[in-house]
Amino acid sequence: MWLVYTLITAFLLATSSCIAKIAMRGNDEYIIGWLRLIFASPLLLLLLFWIQIPKLDYIFYQTILILIPFEIFAYLLFLKAIKISPLSLTMPFLAITPALAIITSSTILGEELSAVGIIGILLVVIGGYILNIETIHLGILGPIKAILKERGSMYMITAASIYSLTSVLGKRAIIHSSPMFFAIIYFPIILLFLTPLIFIRHKRGLIRINSSKKDFLIFFALGVMFALSCIFHCIAISMTDAAYMIAVKRSSLFFAVIYGAVVFKETNIKERLFGASIMFLGIILIAFA
């Protein structure tokens with residue numbers, strides 16, 4: 001049953017990203033990121049009434065304080081990436097996170113790299129290359145040059161790289177709390193620290209927001225989808241090994257490619273689906289590693 005809940009999580013996460021891209025057509029990515037958390041946080045915090053609150057120690061609070069600036073930076077880069085570039089091209093690069101996390105964890109947590117894990121990392125890299133395979137006519141380095149020229153791809157790669165660090169630190173925070181508790185309170189905490197930045201940008205006239213009834217419904221749907229993805233994440237991760245759950249959750253990249261084709265009429269979908277499939281296979285190998 002955990003597999004079903006994880007696939008639902010992946011679908012909801014991709015749906016939330018699709019709605020965010022729609023919302024950012026006429027709005028600032030900072031305000032969209034903030035509104036997504038505004039509408040999601042109350043639903044998440046309600047879950048605290050149904051779980052056991054763990055005893056928190058100094059290491060938990062220390063880890064959270066280290067996590068916050070990295071998480072906010074990566075979160076804003078993620079939103080900027082899907083705003084300016086095709087969803088089917090940028091979202092698959094999130095596969096880099098587990099690939100880099102296995103390296104980061106070996107450095108921070110002392111976990112060893114296995115042969116299977118290394119093969120998984122290589123498949124993620126190959127899949128990323130295939131995402132831009134249509135530029136192969138420019139030479140063998142064409143796809144790599146295309147990645148470097150696409151600002152959205154570079155933003156997402158940077159965000160995914162930061163997430164590889166925050167995922168390891170998040171694991172540390174979970175060890176000193178609980179998976180359910182951490183998943184519930186993490187994004188409301190992000191909202192708490194992001195809010196002053198939003199008010200500063202608003203005061204400087206840098207925030208732009210459309211406030212029609214249609215926009216409000218989009219913002220509401222954005223938050224609800226994100227909150228539901230977190231809730232199903234909590235349920236799924238409580239039923240199986242975290243590594244397997246997170247790996248399957250990355251199937252969101254397939255849903256993102258499909259949304260790119262159906263909603264945004266993006267091109268080169270076959271190549272991107274193939275590249276995403278190779279990356280996903282790499283993630284599965286990393287999970288088993």
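The values are calculated or read from the model by the stated rules, or taken from the named source; none is laboratory data. Keep in mind the model is a prediction, meaning the values are calculated, not measured. Glycine also receives a Cβ, built like all others from the backbone with ideal geometry; neighbour counts cover every protein chain displayed.
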Can you name the condition, by its number, that R151 falls short on among (1) free of Cβ contacts under 8 Å to residues at least 60 places away in the same chain; (2) within 27 Å of L76 (Cβ to Cβ); (3) not hydroxyl-bearing (S, T, Y)?
-> (1)
Could you please let me know if L46 is hydrophobic (A, V, I, L, M, F, W, C) and surrounded by 20 or more Cβ atoms within 10 Å (Cβ to Cβ)?
-> no
Within the range 245-289, restricting to residues that are modelled with pLDDT of 85 or more and basic (K, R), the one that is nearest to M180 (Cα to Cα) is R272
Which residues, counting only those in the range 163-207, are at pLDDT below 90, in contact with a Leu (Cβ under 8 Å, 6 or more places away or on another chain) and within 18 Å of K80 (Cα to Cα)?
-> Y163
Return yes or no: is V257 out of contact with any Ser or Thr (no Cβ under 7 Å at 6 or more places or on another chain), in contact (Cβ under 8 Å) with a residue 12 or more places away in the chain and either surrounded by fewer than 21 Cβ atoms within 10 Å (Cβ to Cβ) or more than 22 Å from A40 (Cα to Cα) (or both)?
-> no
Starting from residues that are farther than 26 Å from I175 by Cα and among the aromatic types (F, W, Y), keep the ones in the range 4-45 and report whichever is modelled with the lowest pLDDT.
-> Y30
Considering only residues that are among the charged types (D, E, K, R) and either within 17 Å of the chain's Cα centre (by Cα) or surrounded by fewer than 21 Cβ atoms within 10 Å (Cβ to Cβ) (or both), look in the range 268-287 and name the one that is nearest to A115 (Cα to Cα).
-> E271
Has the range 267-280 got any residue that is of a type in the set (V, I, T) and under 16 Å from G128 (Cα atoms)?
-> yes
For the range 1-28 the number of residues that are closer than 13 Å to I82 by Cβ and either under 15 Å from the mean Cα position of the chain (by Cα) or crowded, with 22+ Cβ neighbours inside 10 Å (or both) is 10
Of the conditions (1) free of Cβ contacts under 8 Å to residues at least 24 places away in the same chain; (2) crowded, with 16+ Cβ neighbours inside 10 Å; (3) not aliphatic (A, V, I, L, M), F219 clears all except one; give me its number.
-> (1)
Name, by its number, the condition in (1) without any contact (Cβ under 8 Å) to a residue 40 or more places away in the chain; (2) under 30 Å from I231 (Cβ atoms) that does not hold for I200.
-> (2)
So how many residues does the range 246-267 have that are over 16 Å from I22 (Cα atoms), touching a Leu at 6+ places or on another chain (Cβ under 8 Å) and of a type outside the set (F, W, Y)?
-> 6
Conditions: (1) of a type in the set (S, T, Y); (2) surrounded by fewer than 17 Cβ atoms within 10 Å (Cβ to Cβ); (3) in contact with a Ser or Thr (Cβ under 9 Å, 6 or more places away or on another chain). S88 meets all but one. Number of the miss?
-> (2)
